[in-house]
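Structure first, commentary second.
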Amino acid sequence: MRVNVLRPEELDEGQLAAWTRFQNGDPLLASPFLRPEFTRLVALVRRDVMAAVLEEHGELRGFFPFQRRRRSGRPVAGGLSDCQAVIAAPGWDFDARALVRATGLAVYEFTRMRADQSPFAPFHRKVVDSPAIRLDGGFDAYAQERRAAGRNVVTQTMSHARRLERQLGPLRFVMHDPDPRSLHRLIDWKRGQYQRDRWGGALDVFSHRWTVELLERVHAAQGAGFAGVLSTLWAGDRMVAAHMGMRSSTVLHYWFPAYDETHAKLAPGRILLLEMIRGAAAADLRAIELGAGDDGYKDRFANAASAVASGFVGAPSLQLWGRRLWHAAEAVARRVPVAWGRRRADELLFRLEWERSHR
């Protein structure tokens with residue numbers, strides 16, 4: 001395997017076309033996080049983003065995007081990334097440790113790697129389900145499936161919508177709101193949420209300026225294969241919920257939802273998600289990926305899931321031993337006998353790791 005590490009803006013048109021071709025050939029690679037446009041947008045706000053071009057016997061085989069800090073690698077966009085993979089033709093086999101070494105990295109840590117990529121399987125430390133909403137049959141088929149599964153979330157959410165409309169005025173849904181002011185209101189709501197939940201372990205991701213700039217750039221991107229999607233819900237003349245995500249040509253990723261807390265009891269966030277499902281089906285998108293997590297609404301709305309893995313891979317080095325020691329510390333924290341102490345130790349490690357990955 002021959003590896004050429006480039007800045008994302010250095011990829012030529014032929015390489016970008018091959019990247020898209022590899023994605024189109026494998027449904028597991030359809031996430032907007034894996035699009036070259038996303039990697040290039042992150043590279044505009046961070047100087048540590050790279051794209052490895054992978055060749056074998058003179059033939060282009062795939063792409064491996066990553067962020068590099070000295071000799072340690074992590075996913076593009078760090079802790080904001082909900083999906084990672086090597087973008088390659090289905091069935092291409094490679095040595096994950098040799099790949100990492102060829103990029104000049106001593107260790108690469110992944111957090112939401114597509115678990116189906118078998119070369120990384122020996123290095124998985126944890127595998128979880130990442131829920132999704134499949135829309136192959138359209139919205140009506142999805143609603144019928146949820147009822148059959150005993151999850152009558154569609155009817156319940158529509159009932160909340162009628163109550164919200166009676167109290168605040170006619171509802172209006174916008175699948176993509178191009179107004180930057182709507183985006184910044186969403187960010188303000190999220191920052192307020194992070195501030196209220198800080199003692200529960202929430203971190204204000206927007207305290208890092210590059211994350212705000214990234215969302216602004218994603219919001220403005222409106223291509224056929226990749227686009228930002230800022231969905232908003234209005235009651236009367238008041239915005240009551242918003243969601244900032246992005247889509248590929250077939251998949252919408254659910255990323256940053258927020259709503260006006262003064263109307264929380266009327267479930268504006270769930271109403272917005274239901275309208276997004278309806279809008280995504282109308283746009284012929286195949287799925288909405290919700291990302292891994294234990295949020296209750298995901299269990300109610302999701303009708304599918306894919307496995308994602310966390311772990312790290314590398315050659316013997318100080319960086320690799322550092323990762324092993326870090327994960328050992330996490331394992332010790334999870335075994336603290338007192339629940340309060342265990343939670344605080346886990347929160348401290350999480351905060352330290354988040355700050356490390358966002359510097």
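The values are calculated or read from the model by the stated rules, or taken from the named source; none is laboratory data. Just so we're clear, the structure is a prediction, and the values are computed from it rather than from any experiment. Note that we place each Cβ from the backbone using ideal geometry, even for glycine, and neighbour counts take in every protein chain shown.
Below are the figures for this structure:
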item: Qualifying residue in segment 66-74 (condition: closer than 25 Å to Arg134 by Cα and at pLDDT 95 or above); result: no
item: Residues located in segment 72-100, provided they are of a type outside the set (A, V, I, L, M, F, W, C) and crowded, with 18+ Cβ neighbours inside 10 Å; result: Ser72, Gly73, Arg74, Pro75, Gly78, Gly79, Ser81, Asp82, Gln84
item: Counted residues, segment 281-312 - those being out of contact with any helix residue (DSSP H, G or I) (no Cβ under 6 Å at 6 or more places or on another chain) and among the polar types (S, T, N, Q); result: 2
item: Sole residue being assigned to a loop (DSSP other than H, G, I, E, B) and out of contact with any Lys or Arg (no Cβ under 8 Å at 6 or more places or on another chain), chosen from Ala224, Ala264; result: Ala224
item: Pair list, Cβ under 8 Å, 6 or more apart: segment 146-164 residue within 20 Å of Val240 (Cβ to Cβ) and modelled with pLDDT of 95 or more, other residue surrounded by 14 or more Cβ atoms within 10 Å (Cβ to Cβ) and of a type in the set (Phe, Trp, Tyr); result: none
item: Residue list for segment 255-305, restricted to those being crowded, with 23+ Cβ neighbours inside 10 Å and of a type in the set (Phe, Trp, Tyr); result: Tyr259, Phe301
item: Identity of the residue in segment 1-18, among the small types (Gly, Ala, Ser) and exposed (fewer than 14 other Cβ atoms within 10 Å of the Cβ), that ends up nearest to the chain's Cα centre (by Cα); result: Ala17
item: Filter result for Ser182 (in contact with a Ser or Thr (Cβ under 8 Å, 6 or more places away or on another chain) and either modelled with pLDDT of 95 or more or closer than 19 Å to Thr39 by Cα (or both)); result: yes
item: Selection count, segment 93-147, where residues are in a loop (DSSP other than H, G, I, E, B) and in contact with a Gly (Cβ under 8 Å, 6 or more places away or on another chain); result: 4
item: Boolean, Gly245 is under 23 Å from Leu44 (Cβ atoms) and in a loop (DSSP other than H, G, I, E, B); result: no
item: Matching residues in segment 33-71 - criterion: being surrounded by fewer than 21 Cβ atoms within 10 Å (Cβ to Cβ), in a strand (DSSP E or B) and either under 20 Å from the mean Cα position of the chain (by Cα) or not assigned by TED's automatic domain parsing to the domain that holds Asp12 (or both); result: Arg68
